[in-house]
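One structure is given here, and the rest of the page talks about it.
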Amino acid sequence: MAAQVISGTEVARAIENDLREQVSELRSKSPHFLPRLAIVQVGGREDSNVYIRMKLKAAENIGIMAEHIRLPRDCTQTELLTKLTYLNESHQVHGIIVQMPLDSEHQIDSHLITDAVFSHKDVDGLNTENEGRVSIGDFSGFVPCTPAGCVELIKRTGVTIAGKNAVVLGRSRIVGTPVAELLKWENATVTVCHSKTKNLSEITKTADILVVAIGRAEMVRGSWIKPGAIVIDCGINPIPDPTKKSKQRLVGDVAYEEAAKVAAYITPVPGGVGPLTVAMLMRNTVLAARRQLERQLRPSWGLQTLRLTPLSPPPSDIVIARSQKPKHIAKLAEEIGLYPNEVSQYGTTKAKISLSVLDRLSTQRGGKYIVVAGITPTPLGEGKSTTLLGLVQALCAHRGRNAFACMRQPSQGPTFGVKGGAAGGGYSQVIPMEDFNLHLTGDIHAVTAANNLLAAQMDARIFHELTQKDSPLYDRLVPKIKGVRKFSPIQLRRLKKLGINKTDPDSLTDEERTKFARLNIDTNKIMWNRVVDLNDRYLRKITIGQSPTEKGFTRETAFDISVASEIMAILALGKNVEDIKDRLANMVVALDKSGNPVTADDLGVTGALMVLLRDALEPTLMQTLEGTPVLVHAGPFANIAHGCSSILADKIAMKLAREGGYVATEAGFGSDIGMEKFFDIKCRAGGDVPHCAVIVSTVRALKMHGGGPAVSAGQPLHDVYVQENLELLDKGLCNLGKHISNGRKFGVPVVVAVNRHGNDTEAELNLVKKYAEQNGAFKAVICNHWAEGGAGALELADAVIEACDNKSNFDYLYPLNLSIQEKILVIAKEMYGAGRVEYTDEVLEKIQTFTEKGYDKLPICMAKTSNSLTGDPSVKGAPTGFTLRINDIFVSVGAGFVVPMCGEISKMPGLPTRPAIYDIDLNTKTMEIDGLF
């Protein structure tokens, strides 16, 4: 009886039909998702082209997006590896194959190339890792395609493999060896033969299943085959045939006509194993795509957390930080769903995260949005950052939720001044805390450079306009370069702004040239200062231009601290790169002599600013002591600017946290300053809706508001702060009540976190908790995260989860169509408790000017002391009916807010008599930093 032909073409067609349904199912889960296969070819061998066309056709039939990447014959090994690295790191590519043989003029190690393909994208199954898995019966990787096709064809006969004698003729790493391993794990008894095996025909005659992959045309004769055997022929060899147009035909390694008379089942050549090889490749590609999509859609990260072993009493912050070895940042990035091409490592503990994540996850629903603020603090701070980190550690490491902390990058001013670093404290910290507090990835330095470049360009332009006549000034602004004279793109934007619709520099009239060339900056109305990221009181007012080269054109100006720069506020408020660029372009640095605004774009500096800020546009990934993710980005001052980390960091975090996750971000100081600005400025700019507000409170601060003695950094605490005093505490609870009320006015539930300090008594803590719950808090919990890490904030985490499950009725405090004065009054009355607002005549004049220019439609960013609900830092508690005085006002057009100044607010702090500098040192033997706290 003639053997039954096992048609690889028919089996492949059935598999492709099934794969087509699988792709449709994947796309029903994510409409924009599409499996993608990259086929890399070096050179242009025609036989390779034939195979590739088969693969491309099969992919198209199934719904796989296949890309044929052709590299020239002069491609080197290094160039090929570079291309594979790019494909490995691309989240858009699920499977990669390198078409063999490599047709290159240069020597290329093919084994090195197959191993260079990431194992989870190695849909050919040729990476050593995948081959090794198959050898031990682990099929969690990818099985090589031809061997998988062989086993599939055997199974399609309906014959049970288990218990059969199988002979594999051939031991190549691509076919023979893996086929033998697969049959072994199907419980066949396997013999592997090769060209040097003695008595080969006698051995093959014992085979119930014979797989031939020897690469010699019709080597296996009919007499070599056991009657009734299954014969799988993997060979494909051209032999002469004068009857064919090509003068040759393809045959296998088995003499088909003879074998078909003996075997029970046999595969033809062509039309046997070949189509199944392609089908298995497609199956692996769909499997790779499915795994990636499932990873992207799974509800939790499966994060590997770091265990804490808290000591009692806790040692210093830096000792705690150094006691924990951070995870490699690449490992953390992988755990939270980032791809290698989205991560730029800065060493092993921090990395920049590409904004392309937002494009990749554009259809992904985001997590719940939580803001952490505080009551009116003491100069020591009440542990807002520590509470933020403890909360996220509890949510992520202990409750198994996807949870991010988003924080501002700390300025070196406080680090070397009095307040110290901002990495949290105790067992709720960002690590490495030295990196976090010192330079990090250089974002603040980039802001400093950009800010000062703009200042330098402005002063240089003033000088050149003062020292040149119109014609030479214009010629120098639009010079001939290699005989060609043209406007740069930013100069064309200035022409358009001026209403000059010309592009040829030589076509402008004299009047137009003057109009273009002269900004006519009024040096008495310059609004742009230089910055430095240090506390330096002697830079609060300086005179510049004293060198003889400046020809007597001096003027008074000042330095601000870098984090007070409008550029820092823009970095924090931009929704995307284009938005940031537009905001930078619109920054008003001065008024001209006619009272018109002069912008960064007018000075031609916008593009240069973007170049300096390129890396700073991306947030930095770090981790907590318990190995949970933290995104650090931007650092605007809260009493001058809006005091929040960036919109971009929050958006990336919410996408990565996914629908069931949580993103907690901090707002500077109390609810009256940072939280109000978070809601009315940041949420308005970003379009995100918050779900919950956490207000951090301490017994110490409430005692101060109850009339306790002044609390000063570096000075011992008065006895009332270290001993139980319920009467004093009770008097100060009104401050907490006001902050709870402030949060509720935005329509979000308010959770109060009572941050336990070592001297607090249970009676004091319970008094605060009871008061909060009786005065509008959704819940109030006592937290001990400083001493215990996430375990000490479990009740807080549960309260936040419950609060976020409630429907948010969030709304802004005021609409933008109110006048500047109306908006100021709303904030003063609702957030501070003021009765009225007073303005100086100069402020009223500025408000009128801002209104005329359309700036009255911007939100308000109140510059006010953080030490009191009023404008007077000495006033504690929660006073009402007081008068708030506005003694100055300015506008940050690029950042997009108007800044009224309440009292004297310095944008350049000074160093105290004994700054932290005295305690900070570098151990020259270990190169470790001492003295940070």
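The values are calculated or read from the model by the stated rules, or taken from the named source; none is laboratory data. None of these values were measured; they are calculated from a predicted model. As a convention, Cβ positions derive from the backbone with ideal geometry for all residues, glycine included, and neighbour counts pool all protein chains shown. Keep in mind that these areas ignore ligands, DNA and RNA; they rest on the heavy atoms of the full protein, side chains included. Shrake-Rupley method; radii C 1.70, N 1.55, O 1.52, S 1.80 Å.
The number of residues in region 484-501 being surrounded by 11 or more Cβ atoms within 10 Å (Cβ to Cβ), not in a loop (DSSP other than H, G, I, E, B) and not basic (K, R) comes to 4. Are any of the residues in region 191-204 of a type outside the set (S, T, N, Q) and closer than 22 Å to G125 by Cα? Checked region 191-204: at least one residue is of a type outside the set (S, T, N, Q) and closer than 22 Å to G125 by Cα.
Do we find that F882 is open to solvent by 30 Å² or more (accessible area, probe 1.4 Å), in contact with a helix residue (DSSP H, G or I) (Cβ under 9 Å, 6 or more places away or on another chain) and among the hydrophobic types (A, V, I, L, M, F, W, C) in this structure? In short, yes. Only one entry in L825, L765, L844, L816 is part of a helix (DSSP H, G or I), in contact (Cβ under 8 Å) with a residue 12 or more places away in the chain, of a type in the set (A, V, I, L, M) and open to solvent by 10 Å² or more (accessible area, probe 1.4 Å), namely L825.
For region 546-564, how many residues meet the condition of being open to solvent by less than 20 Å² (accessible area, probe 1.4 Å) and of a type outside the set (A, V, I, L, M, F, W, C)? Residues in region 546-564 being open to solvent by less than 20 Å² (accessible area, probe 1.4 Å) and of a type outside the set (A, V, I, L, M, F, W, C): 3 in total. On the basis of being open to solvent by less than 20 Å² (accessible area, probe 1.4 Å), more than 19 Å from the chain's Cα centre (by Cα) and over 26 Å from M654 (Cα atoms), does T415 make the cut? Yes.
Filtering region 10-21 to residues that are closer than 14 Å to N284 by Cα and either open to solvent by 50 Å² or more (accessible area, probe 1.4 Å) or among the hydrophobic types (A, V, I, L, M, F, W, C) (or both) leaves A12, I15, D18, L19, R20.
When region 613-622 is filtered for residues that are buried (at least 24 other Cβ atoms within 10 Å of the Cβ) and not in a loop (DSSP other than H, G, I, E, B), the ones remaining, listed by number, are A616, T620, L621, M622. Summed over region 502-545, the residues that are in contact with a Gly (Cβ under 6 Å, 6 or more places away or on another chain) and either surrounded by fewer than 16 Cβ atoms within 10 Å (Cβ to Cβ) or aromatic (F, W, Y) (or both) give a count of 1. The residues of region 363-397 that are polar (S, T, N, Q) and either more than 22 Å from G670 (Cα to Cα) or in contact with a strand residue (DSSP E or B) (Cβ under 8 Å, 6 or more places away or on another chain) (or both), listed by number, are T363, Q364, T376, S385, T386, T387, Q393.
Per the listing A641, A653, A685, A667, the residue uniquely surrounded by fewer than 24 Cβ atoms within 10 Å (Cβ to Cβ) and of a type in the set (A, V, I, L, M, F, W, C) is A685.
When the residues of region 565-607 are filtered to those that are in a helix (DSSP H, G or I) and among the small types (G, A, S), which remaining residue is surrounded by the most Cβ atoms within 10 Å (Cβ to Cβ)? Per the criteria, the residue is A569.
Scanning region 348-370 for residues that are over 17 Å from L648 (Cβ atoms) and free of Cβ contacts under 8 Å to residues at least 40 places away in the same chain yields one hit, T348. Only a single item in (1) open to solvent by 20 Å² or more (accessible area, probe 1.4 Å); (2) assigned to a helix (DSSP H, G or I); (3) touching a Gly at 6+ places or on another chain (Cβ under 9 Å) is not met by H757, and it is number (2). Count of region 128-185 residues, restricted to those that are more than 45 Å from the chain's Cα centre (by Cα) and open to solvent by 30 Å² or more (accessible area, probe 1.4 Å), is 11. The C-beta contact set for region 454-478 (first residue modelled with pLDDT of 95 or more, second residue surrounded by 18 or more Cβ atoms within 10 Å (Cβ to Cβ) and of a type in the set (D, E), distance under 7 angstrom, 6+ apart or interchain) is empty.
When region 97-127 is limited to residues that are in a helix (DSSP H, G or I) and open to solvent by 20 Å² or more (accessible area, probe 1.4 Å), the one that is nearest to L81 (Cα to Cα) turns out to be A116. Among residues belonging to region 320-342 that are within 30 Å of D930 (Cα to Cα) and β-branched (V, I, T), point out the one that is surrounded by the most Cβ atoms within 10 Å (Cβ to Cβ). Restricting to residues being within 30 Å of D930 (Cα to Cα) and β-branched (V, I, T), the top hit is I320. Condition test on M901, is it open to solvent by 10 Å² or more (accessible area, probe 1.4 Å), under 27 Å from T599 (Cβ atoms) and within 38 Å of the chain's Cα centre (by Cα)? Judged against the criteria, M901 is a match. Against the list (1) modelled with pLDDT of 95 or more; (2) closer than 26 Å to E434 by Cα; (3) more than 18 Å from the chain's Cα centre (by Cα), the condition V392 fails is (3). If only residues of region 199-254 that are touching a helix residue (DSSP H, G or I) at 6+ places or on another chain (Cβ under 9 Å) and of a type in the set (D, E, K, R) are counted, the one that is least open to solvent (accessible area, probe 1.4 Å) is D233.
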